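Enquirer: Supplied in structure tokens, the structure appears directly below.
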Amino acid sequence: MSWLLSVNHLRKRFGGVEALCDVTLSIEQGEIYGLIGPNGAGKTSFFNVLTGVYRADGGNIEFDGKPLDAAAPHRVAAAGIARTFQNIRLFGNMSALENVMVGRHVRTRAGIFGAILRNAATRNEEAAIHARARALLDYVGLAGRGDQLARNLPYGDQRRLEIARALATEPRLLALDEPAAGMNATETATLRTLLERIRNDGTTILLIEHDMNLVMGLCDRLAVLDYGRKIAEGTPAAVRENAAVIEAYLGGALA
Amino acid sequence: MSLTGKLKANPAALWSAVALVACALIALPFVLATAGTTWVRVTNLAILFTLLALGLNIVVGFAGLLDLGYIAFYGVGAYAYALLASPQFNLHLPFWIILPIGALAACVFGVLLGAPTLKLRGDYLAIVTLGFGEIVRIFFNNLSQPVNITNGPQGISRIDPIRIGDFSFSQNELILGLNFSGPVKYYYLLLLILIVMIAVNLRLENSRIGRAWQAIREDEVAAQAMGINTTQVKLLAFAMGASFGGIAGGMFAAMQGFISPESFVLVESVMVLSMVVLGGMGNIWGVIVGALLLSFVPELLRHTVDPVQRALFGRLLVEPEVIRMLLFGLALMLMMLFRPAGLWPSQVRRRELAEK
């Protein structure tokens, strides 16, 4: 089996709290992999360690057959992992289009001298960045919103803009932190279509989500975290029946 | 529709406007010279400060890094010029070699300042940069012992003027029946540099690096997650801003013929920052307006306050300098109340205000 991402014995501790304890999981190329768990289970910590925001206390991460240098977030992005944030972190005072254009940074090269001289190579690259950013806005359903400031977009659009910006980095793995949080049913349905499309176009997705309908309907496999430990892994149907999962979500007394 | 919008829609009007401004700028020094060469000198200093404000705008306006010691780079550029073109070391290199050296020296100092402060933000960065500015000035002041490099508080005098072959920028010359005095010649040279710098600034703003700067200003964590090497890109901002300062400093040394550490005190840093904030952080045109206003208004006051008071009261009641600081403080307060984003804010900030 060739895994796109395999995480081995990952540990992260904040003082006395073990946010991640010996987490091992692997994601296959082309799947939608869910990561669920009660609040405070360590899902976002997992994301932050994976994307280099936090440094792991132990364990290793292998991405695309190579050890992932998770020491610096920008190198993680360059390696091909892009993420969105649980609390949306767009560049608020830049237009939607510019936000996506920033996402192209890691796949383009023009430097200071290119910017000042604006030579043919830089002009071509800039035109390509523009075209790609427009195409991505279109892709996530934000065509015609490009000139609006990111902070002025409706909530659902902001979530989708974050996805467009992440896609602009040409990720192999797209890590989404609660993309459906705060969305109504219609917006969630649109999001689901979008995520399926992204997967069908060849990008693997790692999804943290609380919306169980979305998770169960969309994910090929999922892992459940509780108090920093992986307590279950498997297909949605299997996880749903797992006693440990029911206990974690509903409490021991009911199980 | 805004004025700029109308102009863009009508190319003929745009070009006539450009031509009009160009003619005005070309004629300006001769008009000013009729009121006295002082005013040409004042204009030249105003252009120098505009260069500084444009440089600082890269650091503060684009990348959002608050720098309170910016004048240090101006000083580095000025001292680089002075040391390489004066009797101090008996070096007399031509200006087209020294100006780039000055820019490069300032750039190195920009990186030296930037590297240790990369992890600092906001107030903390401001405090360290403020300290840096003072350190550089104190070095200028004390590097006369044990080896005399900067000549200490006495400063360096008899700095070579800019010279191209036999054409010296410090001498009077009659060309086509017009009297080109030293300041008038410098005015054209400075104007040329200013236009180049404005173009550089505009191009940087709409570039891959410019967007990366703005992304860091907006949200550093998200910028990193998008693959921006924030360390490198922030250092670039410091280096670029500092190079602008270095070039302005070199021109300053050449024009004045004399520099001393007193020209590079904290108040000057504050002044340049005020220009950026007053005009409208992040908007190049706003920054230019801010720089010109803060350069000219004090000079106008200096020349009007005294005679007006003498005419009204028969004697001088309040020193022009006192009035200048009073008005300056008042202006800053009014700005904070009524135009917090600056006189001519960047489009982004204007839109922000419109919603409120």
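Enquirer: Is it the case, given these coordinates, that B:Val277 is over 26 Å from A:Ala77 (Cα atoms), facing another protein chain (nearest Cβ under 8 Å), touching a helix residue (DSSP H, G or I) at 6+ places or on another chain (Cβ under 9 Å) and in a helix (DSSP H, G or I)?
Expert: no
Enquirer: Follow-up question, since we're still on this one. Restricting the first residue to region B:175-191 and requiring it to be free of Cβ contacts under 8 Å to residues at least 24 places away in the same chain, which pairs with a second residue that is part of a strand (DSSP E or B) meet a Cβ separation below 7 Å and a spacing of at least six or different chains?
Expert: Matching pairs, first to second residue: B:Phe180/B:Glu173.
Enquirer: Considering (1) within 14 Å of another protein chain (Cβ to nearest Cβ); (2) part of a loop (DSSP other than H, G, I, E, B), say which one B:Val318 fails and leave the rest.
Expert: (1)
Enquirer: From the list A:Arg89, A:Arg104, A:Arg109, which residue is in contact with a helix residue (DSSP H, G or I) (Cβ under 8 Å, 6 or more places away or on another chain) and more than 16 Å from A:Glu162 (Cβ to Cβ)?
Expert: When all the criteria are applied, what remains is A:Arg109.
Enquirer: Inspect all residues belonging to region A:199-221 and state whether any of them is among the aliphatic types (A, V, I, L, M), touching a helix residue (DSSP H, G or I) at 6+ places or on another chain (Cβ under 8 Å) and surrounded by fewer than 18 Cβ atoms within 10 Å (Cβ to Cβ).
Expert: Yes.
Enquirer: Would it be correct to say that A:Leu142 is at pLDDT 90 or above, buried (at least 16 other Cβ atoms within 10 Å of the Cβ) and not in a helix (DSSP H, G or I)?
Expert: Judged against the criteria, A:Leu142 is a match.
Enquirer: Shifting gears a bit: Residues B:Pro307, B:Pro340: which one is free of Cβ contacts under 8 Å to residues at least 24 places away in the same chain and outside any loop (DSSP other than H, G, I, E, B)?
Expert: Within the list B:Pro307, B:Pro340, the selection yields B:Pro307.
Enquirer: Then there is this: Somewhere in region A:35-47, is a residue modelled with pLDDT of 90 or more, within 30 Å of B:Met240 (Cβ to Cβ) and either surrounded by 21 or more Cβ atoms within 10 Å (Cβ to Cβ) or within 13 Å of chain B (Cβ to nearest Cβ) (or both)?
Expert: There is no residue in region A:35-47 that is modelled with pLDDT of 90 or more, within 30 Å of B:Met240 (Cβ to Cβ) and either surrounded by 21 or more Cβ atoms within 10 Å (Cβ to Cβ) or within 13 Å of chain B (Cβ to nearest Cβ) (or both).
Enquirer: Something else about it: Report, by residue number, each residue of region A:171-198 that is assigned to a helix (DSSP H, G or I) and either of a type in the set (A, V, I, L, M) or closer than 14 Å to A:Ala82 by Cβ (or both).
Expert: A:Ala185, A:Ala189, A:Leu191, A:Leu194, A:Leu195, A:Ile198
Enquirer: Out of region B:216-229, which residues are of a type outside the set (Gly, Ala, Ser) and at the interface with another protein chain (Cβ under 7 Å from one of its Cβ atoms)?
Expert: Within region B:216-229, B:Glu218, B:Asp219, B:Val221, B:Gln224, B:Met226, B:Ile228, B:Asn229 meet the criteria.
Enquirer: Restricting attention to region B:198-215, which residues are buried (at least 22 other Cβ atoms within 10 Å of the Cβ) and either over 22 Å from B:Cys107 (Cα atoms) or more than 9 Å from every other protein chain (Cβ to nearest Cβ) (or both)?
Expert: Once the filter is applied, which keeps residues that are buried (at least 22 other Cβ atoms within 10 Å of the Cβ) and either over 22 Å from B:Cys107 (Cα atoms) or more than 9 Å from every other protein chain (Cβ to nearest Cβ) (or both), region B:198-215 yields B:Asn201, B:Trp213, B:Ala215.
Enquirer: Give me the residue from region A:147-177 that is surrounded by fewer than 21 Cβ atoms within 10 Å (Cβ to Cβ), out of contact with any Lys or Arg (no Cβ under 6 Å at 6 or more places or on another chain) and among the charged types (D, E, K, R) and, out of that set, nearest to A:Phe91 (Cα to Cα).
Expert: Taking the candidates together, the pick is A:Arg151.
Enquirer: Against the condition assigned by TED's automatic domain parsing to the domain that holds B:Tyr188 and either crowded, with 23+ Cβ neighbours inside 10 Å or closer than 30 Å to B:Ser168 by Cβ (or both), how does B:Gly250 come out, does it pass?
Expert: The answer is yes for B:Gly250.
Enquirer: Output the residues belonging to region A:81-106 that are assigned to a helix (DSSP H, G or I), more than 8 Å from chain B (Cβ to nearest Cβ) and farther than 19 Å from A:Leu149 by Cα.
Expert: None - no residue of region A:81-106 is assigned to a helix (DSSP H, G or I), more than 8 Å from chain B (Cβ to nearest Cβ) and farther than 19 Å from A:Leu149 by Cα, so the list stays empty.
Enquirer: Moving on. Would you point out which residue out of B:Ser274, B:Ser260, B:Ser243 is more than 30 Å from A:Arg107 (Cα to Cα), under 13 Å from the mean Cα position of the chain (by Cα) and touching a residue at least 40 places away in the same chain (Cβ under 8 Å)?
Expert: B:Ser274
Enquirer: Of all the residues that make up region A:120-135, how many are modelled with pLDDT of 95 or more and away from every other protein chain (no Cβ under 13 Å)?
Expert: Residues that pass the stated criteria total 3.
Enquirer: Somewhere in region A:156-163, is a residue touching a residue at least 60 places away in the same chain (Cβ under 8 Å), touching a Ser or Thr at 6+ places or on another chain (Cβ under 9 Å), assigned to a helix (DSSP H, G or I) and among the β-branched types (Val, Ile, Thr)?
Expert: Yes, region A:156-163 contains at least one residue that is touching a residue at least 60 places away in the same chain (Cβ under 8 Å), touching a Ser or Thr at 6+ places or on another chain (Cβ under 9 Å), assigned to a helix (DSSP H, G or I) and among the β-branched types (Val, Ile, Thr).
Enquirer: Among the residues of region A:24-38, write down those that are closer than 19 Å to A:Ser2 by Cα and assigned to a strand (DSSP E or B).
Expert: A:Thr24, A:Leu25, A:Ser26, A:Ile27, A:Glu28, A:Ile32, A:Tyr33, A:Gly34
The values are calculated or read from the model by the stated rules, or taken from the named source; none is laboratory data. The model shown is predicted, which means the values in this text are computed figures rather than measured ones. Cβ: placed from backbone, ideal geometry, glycine included. Neighbour counts: every protein chain shown.
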